[in-house]
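**Student:** Mind having a look at this structure? Questions to follow.
What follows is calculated from the coordinates using simple rules that are stated; it is not laboratory data. Since the model is a prediction, treat every value here as computed from it, not as a measurement. Here the Cβ is made from the backbone with ideal geometry for all residues, glycine too, and neighbour counts use every protein chain on show.
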Amino acid sequence: ASAYCSFSRVPGPRPGSKHAPLPYNMVSLVHVPRKRLVACVLALLALACAPGPAACSRVLHSVPEVVSGPVNLGTAGDFAILAKSGVSTVPQSIITGDVGVSPIARDALTGFSFILDASGAFATSDQVTGNMYSADMEVPTPSKMTTAISDMETA
């Protein structure tokens with residue numbers, strides 16, 4: 001856990017306080033990058049649950065406070081589906097929004113009726129109400145896809 005998180009002991013709410021889900025000497029996450037937060041919360045749970053089920057219950061009660069809040073998806077939020085390994089569908093499916101794959105080629109979009117736009121920068125499909133993008137399409141799509149994947153990984 002220490003490779004991903006920085007833990008410190010801080011005074012928590014005193015027993016009997018209306019906000020007392022954790023013992024007085026609780027462990028809190030400090031300066032945790034958002035992309036490491038889930039791993040850190042799991043490590044914290046493992047440490048806190050070691051004494052037994054009652055301790056674990058108190059920690060689980062406060063987890064939503066630790067991980068709540070909006071996640072900034074950046075340009076990845078422009079896509080209904082964004083993948084690094086491929087997207088498959090069946091003819092009856094309908095996807096509302098853009099679909100993108102990167103760093104792989106458009107061959108990773110399987111099962112779609114695929115109509116490449118004259119610009120070569122995107123494609124359309126009867127099964128997608130938005131556009132379809134892949135890293136091997138014409139400029140500016142490769143850069144757009146690299147940025148979206150990077151934003152997805154950061155989120």
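**Student:** Per 0.36 nm of contour for each residue apart, how much would the distance between residue 72 and residue 121 grow if the chain were fully extended, relative to their Cα-Cα spacing?
**Tutor:** Fully extending the segment from residue 72 to residue 121 adds 15.1 nm.
**Student:** Please give, to one decimal in nm, the separation of the simple spin-label points placed at residue 150 and residue 92, each 7 Å out from Cα toward the Cβ.
**Tutor:** So the label points at residue 150 and residue 92 sit 4.2 nm apart.
**Student:** Also, quick follow-up: For residue 85 and residue 129, compute 0.36 nm times the residue count separating them, minus their Cα-Cα distance, and round to one decimal in nm.
**Tutor:** Full extension of this stretch gives 13.7 nm more.
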